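First up is the structure itself, then whatever we jot down about it.
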Amino acid sequence: MTNSTHPGETQTSPIHAGPPFRRMLLVVCLAGLAVFAAFFIAGKILLHRADPMIKAKLIETLSTRFDSRIELERFEVSMVHGFEVSGRGLRLYPNHLGMSEPMLRASDFSFHLLGWQELFRSPLRINRVLVRGLTVRIPPPHQRANLLRFPKRDPDMAARTLGIKAIVGQILIDRADLIIENGNPAKQPLHFIIHRLRLDAGALGRPMRFHALMVNAKPVGNIDTSGDFGPFKQESPGETAVNGTYSFSHANLNQFNGIGGTLSSTGTYVGRLNQIEVNGKTQTPNFSLDTAGHPLPLNATFHAIVDGTSGDTFLSPVDAWLCQTHILANGKVIRNPSGDPGHEIQLDVRIGPGRIQDILDLASDRQPALMNGSLRLHTDLFLPPGTNPVIDRIRLKGTFVAYGLHFTSTRVQEKVDELSLRGQGKARKAKKQADALKAGDIRAATAANIASEMRGDFLFVDRHLSLTGLDYNVPGATIALSGVYNLNGQTLNFHGTARLDAHISQMVTGWKSILLKPVDPFFAKHGAGTELAVGIAGTRSNPQIGIGRH
């Protein structure tokens with residue numbers, strides 16, 4: 001066999017090419033392992049340094065922002081899914097409140113950093129924070145005045161933000177409990193449940209967008225609200241701006257003693273924390289009072305100024321319709337002046353145009369209502385805080401006029417017609433109508449169907465309705481009464497005078513009229529044909545009416 005190698009060429013055996021190639025491959029692999037080891041070691045060192053670095057920035061940020069002592073049970077940094085930070089058992093104790101329990105507690109939280117480079121930036125920028133199991137506990141009223149007070153700092157904004165070591169872009173809160181203490185160990189605190197809350201911080205010094213789904217504490221109902229908050233003014237928190245929209249649904253009014261129904265409301269709000277302007281409307285298709293239990297539709301629009309730092313609310317006005325009765329109210333709902341838990345309500349209420357049957361249906365258990373007609377009323381309403389039913393606490397003082405009145409009871413209306421006819425001297429017509437009623441001819445008995453009118457002053461307190469200057473008028477007769485109706489026993493105690501146009505002899509027929517003519521002058525007083533003293537006693541179901549010269 002001849003060698004085919006050309007002159008000048010050297011033949012290399014494959015057997016001798018292997019070892020150098022393998023050595024080069026081995027060197028490359030070892031270098032790669034060294035690089036990986038270096039990154040691993042560097043990562044461990046970075047994590048070792050990142051853990052206390054990020055933890056310190058987080059604690060310093062919270063401590064500076066809220067002037068609080070911060071406790072943190074666990075804090076970890078992981079690179080398994082990027083730069084992930086997680087913690088558990090975060091507790092915040094405001095230095096200026098001296099609370100034994102933390103005002104803020106978070107079961108656990110987590111967030112991602114955009115990259116390891118963020119560790120060396122100040123402030124630290126965090127894209128999104130997820131918080132689970134947040135509890136915020138608001139102290140009782142005697143401590144609440146200091147809740148939003150912070151120590152005064154350098155007025156220069158830049159100096160105030162030097163202590164802020166971290167900036168968060170978005171906060172997502174999964175289940176939060178807002179508990180507002182009342183200072184009374186025997187009374188349960190208000191408890192708001194926030195199912196989900198999203199806060200979009202945006203740029204430093206800019207408003208924060210928010211959206212919350214929550215359960216209102218009292219009355220219990222669902223709230224969906226979104227808007228803008230801030231920027232937070234640390235030196236004067238009440239001046240922090242807020243605006244947004246809300247919807248409030250399925251609110252159960254039965255939680256309040258004395259009233260019932262299911263309320264829903266929608267509206268908008270804008271202003272500052274200590275002066276929020278709210279415009280909204282409410283619908284309560286089944287509003288009722290415990291005294292009657294008859295549900296009626298109550299719809300309203302309202303304008304209010306709310307102090308979000310205290311809960312004080314100033315209404316101007318509430319414009320409502322109860323069935324076909326118009327109600328206009330102005331006033332305030334303010335903290336109990338005594339300092340005890342609760343709020344008191346002070347309102348100026350005007351009713352009209354209205355229907356008296358709507359008011360009677362709401363307040364009385366009698367069906368149908370005692371009378372139908374038109375109503376105008378003006379009253380001051382005062383409702384102090386307390387746990388007793390509303391009817392036991394409410395105080396009303398005002399005036400009213402009811403006109404075009406017709407009684408729903410045939411017998412009562414027939415008596416009104418008879419009074420008017422006899423007062424006008426139409427005794428024969430009155431007797432004919434009375435005979436028709438005895439005979440069962442209802443149509444003939446109520447043929448006159450004379451309208452009456454009432455007006456007077458009233459005071460309702462402690463389940464007692466006091467009436468003064470009460471005038472009841474029908475054509476031919478005026479009855480002036482004063483007295484008290486006691487709701488507890490439904491008892492009546494009224495006294496006054498009855499003045500009729502006709503002489504007493506003109507109110508009867510036949511021989512009775514002849515016999516009474518001589519006494520006409522004795523009963524004709526003060527320009528009236530007849531003046532009599534009258535009194536009403538007994539109970540609502542069985543009134544006793546007395547008539548006499550004096």
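The values are calculated or read from the model by the stated rules, or taken from the named source; none is laboratory data. This structure is a prediction, so every number in the text was calculated from the model and none was measured. Cβ placement follows ideal geometry from the backbone for every residue including glycine, while neighbour counts extend to all protein chains displayed. SASA here: full protein model, heavy atoms, side chains in, ligands and nucleic acids out. Shrake-Rupley method; radii C 1.70, N 1.55, O 1.52, S 1.80 Å.
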**Message:** As an exercise: evaluate His464 against (1) open to solvent by 50 Å² or more (accessible area, probe 1.4 Å); (2) without any contact (Cβ under 8 Å) to a residue 60 or more places away in the chain; (3) farther than 30 Å from Gly260 by Cα and give the number of the one condition it does not meet.
**Reply:** (3)
**Asked** Of everything in the range 109-141 that's open to solvent by less than 20 Å² (accessible area, probe 1.4 Å), in contact with a Lys or Arg (Cβ under 9 Å, 6 or more places away or on another chain) and within 14 Å of Phe83 (Cβ to Cβ), which residue is modelled with the highest pLDDT?
**Response** Phe111
**Complete:** Counting only residues in the range 479-502 that are at pLDDT 90 or above and not in a strand (DSSP E or B), the one most open to solvent (accessible area, probe 1.4 Å) is identified as Asp501
**Request:** Could you grab me the full set of residues in the range 406-443 that are open to solvent by less than 40 Å² (accessible area, probe 1.4 Å) and either without any contact (Cβ under 8 Å) to a residue 12 or more places away in the chain or aliphatic (A, V, I, L, M) (or both)?
**Result:** Val416, Leu421, Ala427, Ala430, Ala434, Ala436, Leu437
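Based on what the data block shows, is Ile345 open to solvent by less than 40 Å² (accessible area, probe 1.4 Å) and under 30 Å from Gln275 (Cβ atoms)? Working first, answer last.
Values: open to solvent by less than 40 Å² (accessible area, probe 1.4 Å): no; under 30 Å from Gln275 (Cβ atoms): yes.
Taking the combined requirement at face value, the residue does not satisfy it.
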**Request:** Among what's in the range 525-542 and is in a loop (DSSP other than H, G, I, E, B) and not hydrophobic (A, V, I, L, M, F, W, C), pick the residue that is nearest to the chain's Cα centre (by Cα).
**Result:** Arg540
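Look at Leu419 and say whether it is within 28 Å of Asp290 (Cα to Cα), out of contact with any helix residue (DSSP H, G or I) (no Cβ under 7 Å at 6 or more places or on another chain) and aliphatic (A, V, I, L, M). Lay out the reasoning, then the answer.
Working: within 28 Å of Asp290 (Cα to Cα): no; out of contact with any helix residue (DSSP H, G or I) (no Cβ under 7 Å at 6 or more places or on another chain): yes; aliphatic (A, V, I, L, M): yes.
Judged against the criteria, Leu419 is not a match.
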**Message:** So for the range 265-281 (the condition being open to solvent by 30 Å² or more (accessible area, probe 1.4 Å) and closer than 23 Å to Gly293 by Cα), does at least one residue qualify?
**Reply:** no
**Request:** Would you mind finding the one in Phe256, Phe232 that is of a type outside the set (Asp, Glu), open to solvent by 30 Å² or more (accessible area, probe 1.4 Å) and farther than 26 Å from Gly169 by Cα?
**Result:** Phe256
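Could you please let me know if Gly244 is at pLDDT 90 or above, touching a strand residue (DSSP E or B) at 6+ places or on another chain (Cβ under 8 Å), of a type outside the set (A, V, I, L, M, F, W, C) and open to solvent by less than 30 Å² (accessible area, probe 1.4 Å)? Outline the logic, then answer.
Details: at pLDDT 90 or above: yes; touching a strand residue (DSSP E or B) at 6+ places or on another chain (Cβ under 8 Å): yes; of a type outside the set (A, V, I, L, M, F, W, C): yes; open to solvent by less than 30 Å² (accessible area, probe 1.4 Å): yes.
So Gly244 fits the description; yes.
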**Prompt:** In the range 87-107, what residues are within 29 Å of the chain's Cα centre (by Cα), at pLDDT 85 or above and open to solvent by 50 Å² or more (accessible area, probe 1.4 Å)?
**Reply:** Arg105
**Item:** Meets criteria (aromatic (Phe, Trp, Tyr), within 24 Å of Pro389 (Cα to Cα) and touching a residue at least 12 places away in the same chain (Cβ under 8 Å)) for Phe302
**Value:** no
